[in-house]
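**Student:** A single structure is presented below for examination.
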Amino acid sequence: MYEYSMWECIMLVVLGLTGLGYILNFGIGALLRGSDKQFKPKTEERPKATRLRGLSHKHINQQRNDVIVIGGGVSGLAVAAKLAKKGKKVVVLDKHPEKVGGGLHTFTLNGSSMTSFPTGLHYIGNIQKFKRTLSELTDGRSDSIKYTEMGLCKGDGIYDIIRIGDMSYYLRKGEHMFKFSLTSQFMKERQVIHDYVEAVKKSAWWSKWYYALKLLPKWMYDSRPVRLIRSIIDRKRHNNVTTETFLKRLRCSDRLLQVLSGQWGDYGVKPEESSFAMHAMVVNHYLNGGYVPEDSEAISRALVATIHDYGGEVYYGAHVKRILVKDSGRVRGVCLYGMSKYIYAPEVVSTIGYNNTGDMLSRSCHSYQKLKTSTSMCNLFVETKVDRTGHPNIWYYPKGSDRQGPYFISFHGTGVSILKPDSTSGEWRDSVEYQVYKQTMSDELLNVYRNQVGHKIVNMDAATPKTYCKYINGDGSVYGIYRGITGRADIHPDEFGIRGLRIIGQDIITMGISGALASIIYI
């Protein structure tokens, strides 16, 4: 076993104290991260803009800014609001041709006003934490947003149904009800279920400390003592063990294993590939979680309004082509598609993912290894006349197989979404093969709808990985970088080593709206 020298032991102590300072936001950490002084809202006349759409990129003011934020999803808007409130002149650039918001978008079918479908926001974890974070960012604008605890609409606490063949298994909100519901169907495995829930909570607790270490500067994060600490925490949170392997160690039966891992579509990696740590983070945030039942775009509107009030700007249709870097190795701004001039700023925050950010850097100034990305999705959106607000989601595995599927069925008032993980990542774009593929997938999802829901269809439309390519991510991936047990990467906010360039978003902590929002602690 390796023995550390006296100086390395001293460094470990210093790292611990520095990390504590970062975590508690005082002492050394406060000095390194800068002042948290909040400025008052701006009152000067500025270009008019709607609170969600922002301004068209044609109106971009190219004068020097303090910070450019690439990406107008929840992490980009939250970062911009946080920095604007600290007195920074912030500009947000989003490539969406019509509006900002990313996974907070909602839409209707063929312009219909009857049913609104969400694109990415489902569960948000702990309501009070999520609500408090948004309230602080938006000066209370978001307080009017309606939140609902999972499983309360029907009064039985059921938020997800795992349906394997003809058998249904119910997941209920709250640790006690979660265990009670499962043990009523797996009475001989009561202790296994108890041990599983305890392991989930412990793993999620250790994961918080793991991600807290990313508050350290990259040189410190990559140092040998911190790598040792990270490896210890990884063992504690079972990050080096697949979900399937860990559940088998608990002596789960095959059917209980299928049920406990039945939500793997929420993080896009099958149980034989995903780490138990990733699985545990997702399951833990469900135990006492909630969701936004109506108008997730209200979150975007509140953030955009805050950015505007503190002197920032938000632009849609602003597709960044290249990140500009000085010969000295410091970022200097960005170049947009369709614009001959540059937009300058000494700091750039990218919230569009590691790979997409790397693609925007000139090979002459930086080379990077492209990472494997997560799965994409195929969706069928169905409008009906039956309001099923609050109905539990269904994870459907046909024919009792945990390898066929899953199909995720969710309900939004009179709307029903059927989703299936798909790995084509936007292949066959604009080709005859693609049209055949889209029709085949639509028919498959329609059959699932008829089998599992069956209400009369008023309207419907389909989305494929090509849709995600256009609106969300360059290769169609939904959850950013791949999070399997092998070939995964650990991304630091300063991963590229370019002064003034930071990466924020779901690649840094974990996937989804909650993970993307949580990543703003690194700013």
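**Student:** Quick check: anything in segment 459-470 aromatic (Phe, Trp, Tyr), modelled with pLDDT under 90, outside any strand (DSSP E or B) and crowded, with 20+ Cβ neighbours inside 10 Å?
**Tutor:** Checking segment 459-470: at least one residue is aromatic (Phe, Trp, Tyr), modelled with pLDDT under 90, outside any strand (DSSP E or B) and crowded, with 20+ Cβ neighbours inside 10 Å.
**Student:** Assuming residue 475 fulfils every condition listed in (1) closer than 30 Å to residue 71 by Cα; (2) without any contact (Cβ under 8 Å) to a residue 40 or more places away in the chain; (3) among the acidic types (Asp, Glu) apart from one, which condition is it?
**Tutor:** (2)
**Student:** Just for strands (runs of 3 or more DSSP E) wholly inside segment 53-165: which have at least 1 residues that are at pLDDT 90 or above and surrounded by 17 or more Cβ atoms within 10 Å (Cβ to Cβ)? Even if it seems obvious, please write down each step before you answer.
**Tutor:** Numbers: elements: 67-70, 90-93, 123-125, 158-164.
Result: 67-70, 90-93, 158-164.
**Student:** Condition first: among the hydroxyl-bearing types (Ser, Thr, Tyr), modelled with pLDDT of 95 or more and surrounded by fewer than 19 Cβ atoms within 10 Å (Cβ to Cβ). Now tell me which residues in segment 229-248 satisfy that.
**Tutor:** The answer is 245, and nothing else.
**Student:** Does residue 314 qualify as being in a strand (DSSP E or B), surrounded by 24 or more Cβ atoms within 10 Å (Cβ to Cβ) and not small (Gly, Ala, Ser)? I'd like the intermediate steps shown before the answer.
**Tutor:** Details: in a strand (DSSP E or B): yes; surrounded by 24 or more Cβ atoms within 10 Å (Cβ to Cβ): yes; not small (Gly, Ala, Ser): yes.
So residue 314 fits the description; yes.
**Student:** I would also like to ask the following. Within segment 236-286, track down each residue that is part of a loop (DSSP other than H, G, I, E, B), closer than 25 Å to residue 183 by Cβ and among the β-branched types (Val, Ile, Thr).
**Tutor:** Of everything in segment 236-286, just one residue is part of a loop (DSSP other than H, G, I, E, B), closer than 25 Å to residue 183 by Cβ and among the β-branched types (Val, Ile, Thr), namely 241.
**Student:** If residue 362 meets every condition in (1) at negative phi; (2) assigned by TED's automatic domain parsing to the domain that holds residue 94; (3) modelled with pLDDT of 85 or more apart from one, which number is that one?
**Tutor:** Against the list (1) at negative phi; (2) assigned by TED's automatic domain parsing to the domain that holds residue 94; (3) modelled with pLDDT of 85 or more, residue 362 comes up short only on (3).
The values are calculated or read from the model by the stated rules, or taken from the named source; none is laboratory data. Because the structure is predicted, anything quoted here is derived from the model rather than measured. Virtual Cβ from ideal backbone geometry, glycine too; neighbours counted across all protein chains shown.
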